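To start, the structure itself, in C-alpha cells.
The values are calculated or read from the model by the stated rules, or taken from the named source; none is laboratory data. The structure displayed is predicted, hence computed values, not measured ones. Using ideal geometry, Cβ is built from the backbone for each residue, glycine included, and neighbour counts are taken over all protein chains shown. Surface areas here come from the heavy atoms of the whole protein model, side chains and all, with no ligands, DNA or RNA. Shrake-Rupley method; radii C 1.70, N 1.55, O 1.52, S 1.80 Å.
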Amino acid sequence: MNWHYLSVKEALELTDSSPTGLSSGTASLKLQQNGPNTLQEKKQKSWLVIFIGQFKEFMSLVLIAAAIISGIIGDLTDAIIIVVIVLLNAVIGFVQEYRAEKAILALKKMAALQAVVQRDGQPQKIPASELVTGDIVLLEAGNVVPADLRLIENHSLRIDESALTGESVAVDKTSDELSAENIPLGDRINMAYKGTLITNGRGRALVVATGMNTEIGKIARLLQDEEAATPLQIRMADYGRKLSLVVLGICAVLFGMGLLRGEEWMDMLLLSISLAVAAIPEALPALITIALAMGAKRLAKQNALIRKLPAVETLGSVSYICSDKTGTLTLNKMKVVETYETDNRIAELAISPLMLVMALNHDVRTTPENTLTGDPTEIALVEFVKEKEGDKNYNDILRRFPRVAEIPFDSDRKCMTSVHGFEGKYLVLSKGAVEYISEHLRTGEKNTAIPAESEKFASKGLRVLAFAGKILDKLPEPFTVETVEKDLIFAGLAGMIDPARPEVKAAIAECRTAGIKPVMITGDHPATATAIAREIGILDEKGLVMTGTELRDMSADEFAEKVEQVCVYARVSPEQKINIVKALQAKGHFVSMTGDGVNDAPSLRAANIGVAMGISGTDVSKEAAHMILLDDNFATIVKTVKEGRRIYDNIRKFVKYIMTCNSAEIWTIFLAPLLGLPIPLLPIHILWINLVTDGLPGLALAREGAEADVMQRPPVKSGESLLARGIGLHILWVGLLMAGVTLGVQAWAINHQQAHWQTMVFTVLSLSQLGHVIAIRSEKTFLYKQGIFSNPSLLLTIVLTALLQMVIVYLPAANEIFKTQPLSLNELLICLGLSAVVFHAVELEKWVKGRVYSPRAI
C-alpha cells in the first residue's frame, strides 16, 4: 500500500481508525488476528541435522565406504584412521556452520521497546510489540519509531533514517499527502519507518504496518535467503565431485583387470581400496581451513575481522566491490566545502555577515570534553566558523551577542531565526532553504546571482543553505514569523556535503590496478552520489549513473545489458541492491558488498562477501556480513584483497602439492600390477603419506609470502578450476615421474633380492614429495633466488617430516604398526639420491616456462 499518496482521512478510513485512536477491544482483536509487532525468525536447523550434513560430500562418502570395507576384511587400523579423518573434517565444517546467524535478533534490538498510543481516547504507554494497524502513536525527539507510520500531525519533526535509506542527513517530515510519482523510500517525507530515530520535534502518527510487513520486516525476510556460495566452496565442490568419479572409475578398471588376470578378488578389493585412499586428499579440507584461519588472524592485525572463514579466500577472487556511500566511502559527517558571500553588511562588524549568521544561528552545544553536539548540519557550520575564525573569536562572538529570542526551525517553511542583543538593538539572523530566504529579502536584494549560485552548488551534489539578517530597534509585536522574517539582508550561501574519506581515492585506484571495478550503491540523492563518485574515481566518462526509479522501470534483460557499465546507483531500495548483486553474479562476477546500515544487510548476505563497518555499522549489518572493518576504512579492503589473493595462491599450491603426491600414488599402485610387480604400498603407508608427508609441509605452504605481481593481475575468473593455469598438467607429469622413480626402485630392489624393497618404495615416495614441496613454493622464481630460509616454517616441517620418516623406518615399535624394516646405509643413500630427481625436474619446468612464456619472469 502506498500510504504516502493518501490523505490522513483516507489512511484513517483504510485502517478502521479515528483521530482519537482505537478502543482497547478493537486493538486486542486486531492483535489476535494479525499477530504481534515483532520480526519473525526462520526455523533454525538443529545441530544434529547440521552435523549429519557434513557427510554429504562425495569424497567423504567414498572414504566412509573404504573404512567399512577395511573393517569387514579385518584391517581395523586403516578403518579407524580413515574414520578419524572423516570425523575431524566433519567437526571442522560443523563448527563453521553452527555459528547461527543473528541478523534477525539484531533487527529485533532496533525496535522500540515501548510506545505511547491513544487508546480509548487517552494516551497510554504499551509494549511496542502490541501495536496494531490503526493505532495513533505519539512521537517525540529521542524516540525510536515503533512501526511504519503515516504522519497525521507534525511539529518540526526530523528523523534520522540513515540506517534504513543511507541518507546521511536527518529528514524533515510533513503530514501532507504527496503527489509526485514513483517516490523512493528516502523521499516519503510524510512517513516514519520502524527502527529509525527521531532527532527533533514531536508529532502524532497512524500505524499502517507492523512486524514483518514493515520496511524493516521486508529486510528481515530478505535476510532469510540462502547465502551465496564462496568461490572456494564452488571450486572445491566441483573438484571433489570430479575427482571422486575419476577415482571410482580407476578403481573399477583396476579391480576388473585383476579379476581378468585371475587375481584373488579379496586382494584386488584391498588394492582398489588402497587406490581410493591414495587418490582422495584426506588432509586437504583441514589444511584449507587452517590456512584460512591463519589468514584471518593476519587480517585481524590489519583491522579486518573475519566472521566466516571462506571469506578470506573470497576476497582474492572478487571482481566487483559494490560499496555503500555513507560512512563507507565518506566520513558520515557533514562539512562546509563551498561558500558564496555578498558585499552587503548587516552591521558594521569585523566579522563577515555570513560568518556571523553561521556562528550564532544554531542550537549546537559544547560538552565538557570540548566536543560539539547537536544537528549534524549545524555542527558543520560551527566547525567551519571555528576553522576560519578560531575558537577564541567564536566564543567571543557568542558572548558578545547573547540570544534573546528565537523562532525554531519548522519543516514547512524550512527556516530558523534567532534574535541577539546588539548595542541596545536587536540582531535578527535567519538560515534556511534558498527559496524561502530569497522570498523574504528586502526590496532590491532579490537578484539572479542567488539562484544561479545555488544551482551551481546543487549541481555538485552539495546541500545548500541560505543566510540573511537585519537589525531592529525593537522587536515587533506580535513576535511571529510574519513580522520577523521579512525585509532581510542577504548574507550568503553555504554548500555542504558528507566528504569522501581522504584515503579512499588511492584505495580505489589500487582496486582498478588489481582488475577490480568499484561501484557505488546508495540510498542517497543522485547528485550527491555522482559528485562523490567523480571525486574519488569511481565514475568516469564511460560510466553510467542509474536511479532506483530507472532500475524499477527497466526489464531484467535491459538491466543485464547495462549492469557492467553502471558505476553509481542512487536512491535504491534494499531489494534493488540484492538485484544488482545478483545481476553481476549472473554475469560471472564474484561480488563484494560493503555497507553499514540496516538497508545494506540483505545485499551483504547475498554478495559473495559482505563487508560491514565496525565503528559506524549497525548490529544488523555486522551479523549479515562475512567480514567487519574495525576501522571503517575502505582502504583496508585493499589490504584484505591482497591477503585473499595470497591465500588463494597458497591454496593452489596445496592442491598442486597434495594432488601431485596423490597422482604419484595412483600411478604407482595402478601401474605396478601392469608391469608385473607386486602391490607396492599398503593402505597404512598411503594414509601416512597423505596425512604426514602431505599434511605438515602443505600446512607450512600457508605461510608463503605474496607473489610480487599479486596486485597487478586480474582477479581469478569465476569459472576457473583449481587445476587451471597448468596445475592439472603438472599433477599428471610430475606424478608420473615420481611414480616412475618409485617403481624403478621397486623393480631394482626386487631384481637384486632386496628384502626391504617395500620400505624403500615407501621412503622414496615420501622423500620425493619433500623435494617437490621445496620446488613449488613459487611458480616462477627459482629456489636459489627465493632462498631456503624465506619460509622458516616450511624448512622446519620438511626436517621434521624427514625425521618422522626415519622413525617409521628404524623404530621397532613403528615397524610393527607400519610393516616396515630398517634400511641399510646403502639402501638409504639410494633412496635419498633418487628422491632429489623430482626437485630438479620441477626447477627445470620453471626454466622452460620462463623461456616460453615470459623470459623475464625468472
Subject >> Folded to 0 to 90 degrees: helix 526-536 orientation relative to the chain principal axis, Cα >> reply: 50
**OP:** Can you tell me the dipole magnitude for segment 591-638 around its Cα centre, using point charges on the Cβ only (Lys, Arg +1; Asp, Glu -1), in Debye to the nearest 20?
**Re:** 160
**OP:** Report the one residue of 591, 680, 451 whose Cα lies farthest in the direction of the positive end of the charge dipole of the chain (charges on C-beta: Lys and Arg +1, Asp and Glu -1; origin at the Cα centre).
**Re:** 680
Subject >> Residue order for 762, 409 - accessible surface, 1.4 angstrom probe, largest first >> reply: 409, 762
Original post:
Between residue 349 and residue 267, 0.36 nm times their residue separation minus their Cα-Cα distance comes to what?
Top reply: 19.0 nm
Subject >> Pairs beyond 20 Å (Cα-Cα), from 653/846; 460/639; 218/582; 587/717; 587/642; 325/587 >> reply: 460/639; 587/642; 325/587
Original post:
If 788, 808 are ordered by their accessible area, calculated over protein heavy atoms with a 1.4 Å probe, which sequence runs from highest to lowest?
Top reply: 788, 808
Subject >> Amide hydrogen neighbours beyond the local backbone of residue 422, cut-off 5 Å, H modeled >> reply: 427
**OP:** Give a quick list of trypsin sites (Lys or Arg not before Pro) in segment 487-555 that DSSP marks as loop, anything other than H, G, I, E or B, with at most 11 other Cβ atoms within 10 Å.
**Re:** 542
Original post:
Give me the log10 of I(q) over I(0) for the chain at q = 0.06 Å⁻¹, as the Debye formula computes it from C-alpha points; what are the numbers?
Top reply: -0.55
**OP:** Select from segment 563-621 those trypsin sites (Lys or Arg not before Pro) which occupy a DSSP coil region and have at most 16 other Cβ atoms within 10 Å, ordered by residue number.
**Re:** 587
**OP:** On a 0 to 90° scale, report how tilted helix 231-260 is relative to the longest principal axis of the chain, with both axes built from alpha carbons and the result rounded to the nearest 10.
**Re:** 20
**OP:** Could you please tell me the mean projected area of the C-alpha convex hull for segment 439-586, averaged over all directions and given in square nanometres to one decimal?
**Re:** 13.3
Original post:
Which of the lysines could a cross-linker bridge to residue 386, judged by Cα under 24 Å and excluding same-chain residues fewer than eight apart?
Top reply: 333, 335, 431, 470
**OP:** Would you mind computing, in nm to one decimal, how far apart the modelled labels at residue 177 and residue 333 are, each placed 7 Å from Cα along Cα→Cβ?
**Re:** 4.4
**OP:** Work out the charge dipole of the chain with +1 on the Cβ of Lys and Arg and -1 on the Cβ of Asp and Glu about the Cα centre, then indicate which of 760, 733, 689 is farthest towards its positive end.
**Re:** 760
**OP:** With all protein chains present, calculate the accessible area of residue 156 using a 1.4 Å probe and round the result to the nearest 10 Å².
**Re:** 30
Subject >> residue 423 accessible area, 1.4 Å probe, all protein chains in place, Å² to nearest 10 >> reply: 150
Subject >> Nearest-20 debye value, the chain charge dipole, Cβ charges on Lys, Arg, Asp, Glu >> reply: 1900
Original post:
Where does the charge balance sit around residue 133 when Lys and Arg score +1, Asp and Glu -1, over other residues with C-beta under 15 Å from its C-beta?
Top reply: -3
Original post:
Working out 0.36 nm times the residue gap between residue 7 and residue 433, then minus their Cα-Cα distance, what length gain in nm do you get to one decimal?
Top reply: 150.8 nm
Subject >> Table column - 3J(HN,Hα) (Hz), segment 738-749, Karplus curve with 6.51, -1.76, 1.60, x for Gly and Pro >> reply: 4, 5, x, 4, 5, 5, x, 4, 4, 4, 4, 5
Original post:
Around residue 610, which amide H atoms from residues at least 5 apart in sequence, or from another chain, sit under 5 Å from its own amide H, with H modelled in the peptide plane?
Top reply: 593, 626, 627
**OP:** Quick one: what are the phi-derived ³J(HN,Hα) couplings along segment 421-430, Karplus 6.51/-1.76/1.60 with θ = phi - 60°, whole Hz, x for glycine and proline?
**Re:** x, 8, 6, x, 10, 10, 9, 9, 10, 10
Subject >> Approximate spin-label separation residue 562-residue 751, in nm, with each point projected 7 Å along Cα-to-Cβ >> reply: 7.4
**OP:** Would you rank 338, 215 by solvent-accessible area, highest first, keeping every protein chain in place and using a 1.4 Å probe?
**Re:** 338, 215
Subject >> residue 171 long-range amide H proximity, modeled H, under 5 Å >> reply: 159, 160, 161
Original post:
Which percent, to the nearest 5, of DSSP beta bridges fully inside the chain are antiparallel?
Top reply: 75
**OP:** Starting from the Cα of residue 398, step 7 Å along the direction of its Cβ; do the same at residue 87; then give the gap between the two resulting points in nm.
**Re:** 6.9
Original post:
What accessible surface, in Å², does a 1.4 Å probe find on residue 660, ignoring ligands, DNA and RNA and rounding to the nearest 10?
Top reply: 0
Subject >> Selected from 437, 199, 667, residue furthest toward positive end of dipole (the chain; charges at beta carbon) >> reply: 667
Subject >> Computed E for residue 260/residue 814 - FRET, C-beta separation, R0 35 angstrom, nearest 0.05 >> reply: 0.40
Subject >> Karplus 3J(HN,Hα) series, Hz, for segment 669-679 with 6.51 cos²θ - 1.76 cosθ + 1.60 (x for Gly, Pro) >> reply: 6, 6, 7, 4, x, 5, 8, x, 9, x, 4
**OP:** Return, ordered by residue number, the residues of segment 648-681 whose backbone nitrogen is under 18 Å from a label point located 7 Å along Cα→Cβ of residue 253.
**Re:** 660, 662-677
Original post:
Once you charge only the Cβ atoms, +1 for Lys and Arg and -1 for Asp and Glu, what is the size of the charge dipole of segment 510-568 about its Cα centre, to the nearest 20 debye?
Top reply: 160
